[in-house]
Structure formats: structure tokens, C-alpha cells
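Following: one structure in C-alpha cells, then a few remarks.
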Amino acid sequence: MTRGSGPATVVLIALGGCCLTTNISSGTSAGFIVPITSSSAGASSTAAAASSSGTTGQPLGSSSGTGTAGSSGTASGGSSTGSSSGATSGATSNGGGTGLFFPAVNYPLDGSPHALTTFQDDGGFVGLATADYSDGLVFVFSGDGDGTFHGRGPVFVAGNNGLSLQSICSADFNNDGLADLAISSWQGAADNLGLLFGSGTGSGKSKFSVADGNLDAGATYQIISADVDNDGFADLLVIVGGDLYVGRGRGDGGFSWDPPLTNLGYMRGVAVGNFGANDLPQIAVVDNQGNQVEVLAQVDGGFSPYAAWDAGNQPVGVAAADFNGDGCQDLAVANNLDANLLTIFVTPCAGHALQSYSYPSECSFGQWLVTADFDGDGHQDVAVACDAAGYQGQNVALFLGRGDGTFRDPLYYVADQGPSWIVTADFNGDGKPDLAISNLQSEDVSVLIHR
């Protein structure tokens, strides 16, 4: 599959409300509603009970020390040892599994699912939405509350037929209490920023309508949501070409866009957290060609460079969590080369020096990684999608944290062919984090329920 170039696209989807379109350069809005058709996709299936303590409902986020890393890692500033085990994948199921998760259950799609996100369905359960890489479609699965899902897509994105949708995230952008979605595309069209709203029924049967707008030209690599200004409204961060756009949510579905942040390299991933600069939210981006993670601090209402730390070769994704229990957020960076390293940065926001640790894996990392306490020991862990179809039996790499910033060797789990995106949430209400993975090659979504 060849990725093209062209104007970037962002489509906002809301599960309830009215529609607004926003021009990223001017911040102006106009009402626009287009009805869409929805047909059944995927299949419901039975899955073993799961357990999980991840995100539920809407969304969905110096000097260096020295040290050693155990059997599988190199480190500066810590130590690490561990062992590996795995499980098998499985709507269809591919057999029995071991470890923390039941076998994966695969939900087929008539498309090419790339990015994936969770959202809280209007029936109160966690749903899944995936962005199609080939035809500009968004497939929506409503959760049944027991770890299974039923198809609610595809949702056609009007005006964007044939687009390669690249990234997707979830938040309540119009402040109506229902989860919304934001989607970015690799290729664009004349109308390339928009809102898609629906009307909730209270029974998990959201309806949709769509609107389009404009975003500056350039391939879009990732879109996430976070409240960067602490005003209680969900904001958007969008990597467009070589620039980072920050759209400050107004709470009505519209956004006021800051001037683009430039000269940040070949960005491929973005995260928000407190990484040591000040008490305001900060932004971390990974530079895929400069092999760095760069932190931007919020000063005088805008963002400016704070620190740049060496990552592995060709970093593609970044996630933030507190890995050592000091109350500050640290960073996990997935690198596609250098033996597919996971690089951990224990940030210096609690008065200690920056520490970094590197852990190799046996699979090629995808663009997305997630954090949660998967083994229930009170420490944050990291799960990474492995995107190479040739690594059968190693579609998910799970790194278990020790609580001091170091990690054990990865455990491996099976999803399906060509995983590209991974999310975590409690899909069956048992309080433990489950996993879902979108598989570009096998054209399905795999769900791994926690034991």
C-alpha cells in the first residue's frame, strides 16, 4: 500500500449534538450537517471474562544518569531483568492463550483498519472506533459491556471517499456528555476539517451526520486530545507535515488554533503530561529522523522548546505515565529500528536527573503504544503494537514495570496480521485493563480480554 501526499484532513465525530466546522487558520465556525448511511459491520461474539484498570469511557492521554539494564536492555540510570511468555489469538478465535490475557477475538471489517480508539457508547459501555486506511471510512463497534462488541459501521465520511485515514482519538468536544471522535488523514481533499455529530438514544445506538472544513496542506501523522490549558475543555494536537497544531477547544465543538509549532523535525508521535518544565501541561513529540524526543513547555500562553533527549533509531510513538511513582509523568518511546527498542525516559520533574533505559523486542513496533497497570501490582506497564505481519505470535509486546522506572523483558501476545494500533480500556467492567488492536493486513480488530 503506497502512501500519497496531499492536504491533511481532520474529521471530528461526535455521538450527539449539532455540527460545526472550523477553519484551522482562522478559527471561524459555520453550521453544516450532512446525513450519512450506516450499515452493519463486524460480528458479535462470545469472549472469556476479562479484567482491566485502563481508561474507560471517553478517551480517550537535565543530565543523564548511569546504570545497567538486565538480560534484554541497555540503560543509563537503572537496572532491569525479566522473562518472556505469550498467548494466542482469537467474531473468530485462534486458540488457547496463557498469561494475562485470553486468546484474541477478531472482529472482521470490510476495509483496512489503521488507527483505533475507545469511546464511551451512549449506552454506557466502552465502544471501539477505527479509521480505515483505504476508503475514508470510520467503523464503529458498540460495546456490550461483557467484553464483546457488535458492529455499528461503517460510517461514511462525506466528501472524503478514497482518503487514507491515519489517526483517530476520542473526547467530548462539544461538552454534551457524549464521546466524540477526531480523525486525521494521510491524504486530503478540499474539505478537510470537520465535525461528525450524532444523536444519542441511551441504548448504544448512536446516529451520525458529518461536516467538513479545511486544514493546512501536508500529510497528517497523528491526532490526540488533551486539555492543554486546564480550562476543562478538550483540545486537539495535530501533527501536520513538519508542524504541530494546537487547537484549543471552546466547549461547543469548535476550536481556536494557535500558530503552528515548527522546526520540530520529522514528527511521528505526540503526548501531553508534566515532564518537569513547570506546573502546566507540556507536550512531548518524537522526531523520527532526528532520533529524539522533544519536550515543549507552556510559557505565556504558548509552547516553546524545553528539552531534547536522545531516543533510539526512528522513533514512531510516545506515551506518558508515571513509571517510578514520583508523581511526575515519564515517557515511553517506541523505536522502529535499533532492534525495535522501547526507550523509557524517567523525567527530571521531581528534582532528580533524567534517567533513560532501553529494552529490545523481537517484533517491529507500530505507531501506537499504551500504558496501564496490566499485572495489577500498582505499577504502570507498557503495551506496544508490533506491525510486521511476519512476526506471528508476537503481535503485542507487553513490558511490565517494576515501579522504579525499569521494566521486565517483554511478554508477547497474538492478535492478527499486520497490527498497527493498540488501545486499552475495561471492556467488560471487571476493573482490569483489556486490549484492542487494529490489524491492517488481516482487516480486522483483535480484542484481548484480561484474565
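The values are calculated or read from the model by the stated rules, or taken from the named source; none is laboratory data. This one's a predicted model, so the numbers in the text were calculated from it and none came from an experiment. FYI the Cβ positions are ideal-geometry reconstructions off the backbone, even for glycines, and counts take in every protein chain you see. In case anyone asks, the SASA skips ligands and DNA or RNA and just uses the protein heavy atoms, side chains included. Shrake-Rupley method; radii C 1.70, N 1.55, O 1.52, S 1.80 Å.
Any idea which of (1) surrounded by 22 or more Cβ atoms within 10 Å (Cβ to Cβ); (2) not in a strand (DSSP E or B); (3) not polar (S, T, N, Q) is the one Asp404 doesn't satisfy?
Failing condition for Asp404: (1).
From the residues in the range 421-450 that are modelled with pLDDT of 95 or more, assigned to a loop (DSSP other than H, G, I, E, B) and more than 17 Å from the chain's Cα centre (by Cα), which one is surrounded by the fewest Cβ atoms within 10 Å (Cβ to Cβ)?
Gly431
With (1) open to solvent by 20 Å² or more (accessible area, probe 1.4 Å); (2) at pLDDT 90 or above; (3) touching an Asp or Glu at 6+ places or on another chain (Cβ under 6 Å) as the list, and Asp144 as the residue in question, which single condition is left unmet?
(3)
When you scan the range 148-171, how many residues do you find that are at pLDDT 70 or above and closer than 17 Å to Leu128 by Cβ? Outline the logic, then answer.
To start, the set of residues in the range 148-171 that are at pLDDT 70 or above comprises 148-151, 154, 164-171.
Remaining after also requiring closer than 17 Å to Leu128 by Cβ: 148-151, 154, 165, 167-171.
Final tally of qualifying residues: 11.
So, in the range 343-362, exactly how many residues are among the aliphatic types (A, V, I, L, M) and modelled with pLDDT of 90 or more? Can you show your working first?
At the first step, the residues of the range 343-362 found to be among the aliphatic types (A, V, I, L, M) are 344, 346, 350, 353-354.
So of that shortlist, the ones also modelled with pLDDT of 90 or more come out as 344, 346, 354.
Summing the residues that are among the aliphatic types (A, V, I, L, M) and modelled with pLDDT of 90 or more in the range 343-362 gives 3.
Do you know which residues across the range 368-388 are open to solvent by less than 30 Å² (accessible area, probe 1.4 Å), of a type outside the set (Val, Ile, Thr) and outside any loop (DSSP other than H, G, I, E, B)? I'd like the intermediate steps shown before the answer.
Kept after step one, since they are open to solvent by less than 30 Å² (accessible area, probe 1.4 Å), are these residues of the range 368-388: 369-370, 372-374, 381-386, 388.
Filter again for of a type outside the set (Val, Ile, Thr), leaving 369, 372-374, 381, 383, 385-386, 388.
If the condition is that a residue be open to solvent by less than 30 Å² (accessible area, probe 1.4 Å), of a type outside the set (Val, Ile, Thr) and outside any loop (DSSP other than H, G, I, E, B), then Leu369, Ala372, Asp381, Ala383, Ala385, Cys386 are the ones that fit.
Can you tell me which of (1) buried (at least 24 other Cβ atoms within 10 Å of the Cβ); (2) modelled with pLDDT of 90 or more is the one Asn395 doesn't meet?
(2)
In the range 344-362, how many are small (Gly, Ala, Ser) and surrounded by 21 or more Cβ atoms within 10 Å (Cβ to Cβ)?
Applying the first criterion (small (Gly, Ala, Ser)) to the range 344-362 yields 350-351, 353, 356, 358, 361.
Filter once more, so that each one left must be surrounded by 21 or more Cβ atoms within 10 Å (Cβ to Cβ): 356, 358, 361.
Total satisfying the criteria: 3.
Can Val299 be described as aliphatic (A, V, I, L, M) and under 30 Å from Asp377 (Cα atoms)? Steps first, please.
On the way: aliphatic (A, V, I, L, M): yes; under 30 Å from Asp377 (Cα atoms): no.
No; evaluated as a whole, the condition is false for this residue.
State all residues of the range 310-330 that are touching a Phe, Trp or Tyr at 6+ places or on another chain (Cβ under 7 Å) and at pLDDT 95 or above; if no residue qualifies, say none.
The answer is Asp330, and nothing else.
Within 23 Å of Asp404 (Cβ to Cβ) and either at pLDDT 90 or above or crowded, with 16+ Cβ neighbours inside 10 Å (or both), is that true of Phe303?
Working: within 23 Å of Asp404 (Cβ to Cβ): no; either at pLDDT 90 or above or crowded, with 16+ Cβ neighbours inside 10 Å (or both): yes.
No, not satisfied.
Taking the conditions exactly as written (open to solvent by 50 Å² or more (accessible area, probe 1.4 Å), under 22 Å from Thr371 (Cβ atoms) and touching an Asp or Glu at 6+ places or on another chain (Cβ under 7 Å)), does Gln329 satisfy them or not? Reasoning before the result, please.
Numbers: open to solvent by 50 Å² or more (accessible area, probe 1.4 Å): yes; under 22 Å from Thr371 (Cβ atoms): yes; touching an Asp or Glu at 6+ places or on another chain (Cβ under 7 Å): yes.
In short, yes.
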